Amino acid sequence: MKTSVIFSTYNSPDWMEKVLWGFFQQTVRDFEIIIADDGSRDDTRDRIARLSADSALPIKHVWQPD
């Protein structure tokens with residue numbers, strides 16, 4: 001793996017999912033995704049878990065308190 005893509009989210013699971021779907025469409029797949037979460041609710045964590053289970057790309061969820 002050559003690259004880590006980091007993006008942030010905060011209580012916007014629908015928009016976060018759209019960003020992830022954009023990464024899933026890439027033809028070059030030699031990267032990991034790191035989601036920097038600034039204290040989102042459980043619905044964001046649950047959505048990340050669901051999308052990670054179906055993803056061919058490694059996804060890391062880094063959560064910190066708001």
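A few points about this structure:
- Subset of segment 1-29 that is among the hydrophobic types (A, V, I, L, M, F, W, C) and touching a helix residue (DSSP H, G or I) at 6+ places or on another chain (Cβ under 9 Å) - its residue that is most open to solvent (accessible area, probe 1.4 Å): Trp21
- Residues satisfying the stated conditions in segment 35-63, i.e. open to solvent by 30 Å² or more (accessible area, probe 1.4 Å) and β-branched (Val, Ile, Thr): Ile59, Val62
- Just one residue in the set Thr9, Thr27 is in contact with a strand residue (DSSP E or B) (Cβ under 9 Å, 6 or more places away or on another chain) and either in contact (Cβ under 8 Å) with a residue 12 or more places away in the chain or of a type in the set (S, T, N, Q) (or both); that residue is Thr9.
The values are calculated or read from the model by the stated rules, or taken from the named source; none is laboratory data. Not measured: the values here are computed from a predicted model. All Cβ positions, glycine included, derive from the backbone under ideal geometry; neighbour counts span all protein chains shown. These accessible areas exclude ligands, DNA and RNA; they are computed on the full protein's heavy atoms, side chains included. Shrake-Rupley method; radii C 1.70, N 1.55, O 1.52, S 1.80 Å.
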